[in-house]
């Protein structure tokens, strides 16, 4: 057995069942091993950003890592943006990155690069295997590192000769360390704050945004009068009818300041205190009031769920007082010109139960939450690192993870062009993804930012850099060219008809919604 096969067997034994791949010459022995070893599904992406973004979406829904297979430093570099997003989302991923044979590196061939140096900014764990007999143990450690709470990116670099030389067979993964529990002092301190009667926000992120964690938080809110809030962008938020609705911090600074005005205490549960996405002239970076005290109940790597339950017990908070979201579907819009609100109404009214929403609609999607809070129960995935180009791959990975659930992609047109190749993967794998493509023919959010940062009186050259016209992107042709059924909608009636068709389809379907 060679090193590559020992690694694949180790990954499979550790519960890694999917490898999103874009291989090259140095990875061919790993490719052959994937073919020989049962238990690992291989999904090809035509760009490394699709591979890493799909691994992110998969792990968010599966709660365990996928692996990737990338080609040397440049291939890893092509996937970095979505690894950055995965790091910010605290997603477990095991990257397998090929490299030149150890004895070939000294010749500085064209693809020679500092692979470890490229990997470190987005990886919590990085290692280059020294020899074939180290590969399996290194792989087992990589999986354990990826699964370490709250979830992280682990990158294993595999020189070509360590893949083809003889190994000692697979290795057993060491136990993953449990998330540490918080101290009694923190529970008592948070309870005292919540009993104070002063305006308090329970500010949450991570796994406490699943249905059970939100129900416990809802009990605390009912018992104390605290508000429940989540970060602006979240890896996975379980919401809809029958669940506890949580407010998010708005993206625009002025709106965020208004929402948090008068708050005297922020109690952090797996979250960081909210800050502005960017710096703006004459606006603050921190979004909480000057006289607001910040308290940490539990950090992201700690057992946030246990901390919330302990706090609820300390407060005597009963789930009997929890306010659950009642079913409330928006009315389907009357026929007329298509706009963002009418799209939101249609999505909220027609969303099937247990859907997964992969949201990279950027500015167009910020208003969708009020229209969907009473829709049937669903999961909402967002881009956490701000590096655009995640939406289509994230939807792809989520569909691989949950083939029995409808995935709805909410996608801006500009960011979709970063990883449009994901549509081909959806078609090849027959994935159940319906993409709503907001075609506003612009980097619309950047138009707003141009003014927000104080850049006044922009001329044609500046505005052209934010415009996607001349020519307009033809999303129906782009989708069909990659094997995805597609329709264009310019009116409410056309959009509703296309959305019904997409939701009825069992394969990928794209709707170009011209707004």
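Highest average first, the peptides 212-218, 47-53, 24-30 ordered by how many other beta carbon atoms sit within 10 Å of their residues are 47-53, 212-218, 24-30.
Each helix, a run of at least 4 DSSP H residues, gives -39500 (n - 2.57); summed and divided by the residues of the chain, these come to -11000 deg cm²/dmol at 222 nm. Working ranking of peptides 478-488, 198-208 by packing, defined as the average number of other Cβ atoms within 10 Å per residue, highest first, is 198-208, 478-488.
The relative contact order of the chain, computed from alpha carbon pairs under 8 Å that lie at least 6 residues apart in sequence, is 14 percent. Centre-to-centre, using Cα atoms only, region 22-46 and region 198-265 are separated by 42 Å. A straight line joining the Cα centroids of region 267-298 and region 357-427 runs 27 Å. For the peptides 395-408, 363-376, 109-122, residues were scored by their other Cβ atoms within 10 Å and the scores averaged per peptide; the highest-first order is 395-408, 363-376, 109-122.
Summary value for region 3-164: 28 percent relative contact order, contacts being C-alpha pairs under 8 angstrom separated by 6+ residues.
Any read-out appearing in this document is the output of simple, stated calculations on the displayed coordinates, not a laboratory observation. Quick caveat: nothing in here was measured; it's all calculated off a predicted structure. All Cβ positions, glycine included, derive from the backbone under ideal geometry; neighbour counts span all protein chains shown.
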